[in-house]
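Following: one structure in structure tokens, then a few remarks.
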Amino acid sequence: MQKFGASTNFDDYIFLNRWALTFLGMWTIDNRFDHGVAKILHRLHITFLFVLMLLLIIPQWLDLYIFWGNINANAETVVLNVFTITAILKLLCCILTANVFNDVLMSLKSDWNETMDTSNPAKEKHREILLKMASSAFNYTKQYAFIMYVTALLYFISPFVGMQPGDLRIRKYPFFGWYHFDRFSNLNYGICYVSQVMSGTVVGTTNFAMDSIFLVSLYHHSAQLQILQHDLAELVSAGCNSANVINNLIKKHQKYIRISQMLQVIFNGSSLQQLLISCVIICVIGLKLIIALEDGGYESLIYIMFMGLALLQILLYCQSGDVLISESLQVGYATYQSPWTSVNLSSIRSISLMILRSQKPLTISAGKIYVLSLQNFTMVT
């Protein structure tokens, strides 16, 4: 298990997320794409990614048309097609909320640098809380990256190692697809194969980037809520009755409420898409897995990995959402235990509102209809 120390900088912590978002052209925290040629190249970069994903979707649609009615042939093509469409929609949602997304990234970096400032020994406990949450988020991210790219690799090599069933298609591709001009030309076949590998890498990276940054963001802000609880508890042990200190903590609470609302704006659509698509994938891949297990061979290995990936994608959203719910509720309990009765009347009113607000947990919902929590995850699975 990866553990971070006080010397860990923000770039080391968010390395995997930063790499994936840079690959997609969505890491704009350093404002490299605001002017001139860089801005044009940035737009071309994103356009190229969309084109690559469309080059995967269109042959899949043709494959569905050619083999329409053959459920065994259509099932997996449908799954891979909707998985690709989900990646396109996730990237589109991120682009449409780019300004809010950048503000969240800036907040992550600002909070990290402030908390990791070792010149303030009073923040030792703050660093301990944040590093613990960061280690959990980073390890989940690594596991997700491993499963995502191993699954993609299995698809890339599947035509050569007997992981694809039957001889329906003249040419076998990682993600299936119908290319009329590849039947009698090895060059065309090679070009189409490489394009699928490139497109599959983009699709996998898009899903990984959007899902993992959601996980990291929620764990980070849950850590900030836990730090807020610690500061409220410290007021009790120190017998502090400073109205200014309590008002500053109230402002911090309001800040993290606003950030949770920003996260809702960014991930409202993509989380709903992920939930719906994962349910489809689980059902269809479950059917294909049963068929593959009956037939024997290595084909079932791909479906086991894909099934695990689909379940993990839902779990990442629900697990991090559940942590946010839990920590936001705990803020109310910690606030009640603080010496709020010893401050002036104005602060008492403010802190009473903080207690009242904390009774309603901070949540992230999928399409504003499905709250992301472990309780709801068990209902899906």
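Results, tabulated for the structure shown:
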item: Filter result (closer than 20 Å to Phe214 by Cβ and either outside any strand (DSSP E or B) or touching a helix residue (DSSP H, G or I) at 6+ places or on another chain (Cβ under 6 Å) (or both)) within region 352-369; result: Pro361, Leu362, Thr363, Ile364, Ala366, Gly367, Lys368, Ile369
item: Qualifying positions in region 103-133 - loosely packed, with under 12 Cβ neighbours inside 10 Å and in contact (Cβ under 8 Å) with a residue 12 or more places away in the chain; result: Asn113, Thr118
item: Test for Thr97: is it in contact (Cβ under 8 Å) with a residue 12 or more places away in the chain, within 25 Å of Leu56 (Cα to Cα) and β-branched (Val, Ile, Thr); result: no
item: Lone qualifier among Ser107, Ser119 - being at negative phi and assigned to a helix (DSSP H, G or I); result: Ser107
item: Condition check for Thr97: under 25 Å from Phe15 (Cα atoms) and buried (at least 16 other Cβ atoms within 10 Å of the Cβ); result: yes
item: Residue within region 93-115 that is farther than 15 Å from Gly177 by Cβ and touching a Cys at 6+ places or on another chain (Cβ under 9 Å) present; result: yes
item: Those residues of region 183-201 which are in a helix (DSSP H, G or I), touching a residue at least 12 places away in the same chain (Cβ under 8 Å) and over 22 Å from Ile85 (Cβ atoms), in sequence order; result: Tyr189
item: Residues within region 46-80 that are of a type outside the set (A, V, I, L, M), surrounded by 14 or more Cβ atoms within 10 Å (Cβ to Cβ) and in a helix (DSSP H, G or I), tallied; result: 7
item: Lone qualifier among Ile259, Ile277, Ile213, Ile266 - being out of contact with any Leu (no Cβ under 8 Å at 6 or more places or on another chain), crowded, with 18+ Cβ neighbours inside 10 Å, under 30 Å from Asn81 (Cα atoms) and modelled with pLDDT of 85 or more; result: Ile266
item: Tabulated pairs, region 360-378, first free of Cβ contacts under 8 Å to residues at least 24 places away in the same chain, second among the polar types (S, T, N, Q), C-beta under 9 angstrom, 6+ apart or interchain; result: Lys360/Ser328
item: Residue check, Asn241 modelled with pLDDT under 85, in a helix (DSSP H, G or I) and more than 23 Å from the chain's Cα centre (by Cα); result: no
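The values are calculated or read from the model by the stated rules, or taken from the named source; none is laboratory data. Since we're looking at a predicted model, the values are computed, not measured. Counting neighbours? That spans all protein chains shown, and the Cβs are built from the backbone with ideal geometry, glycine included.
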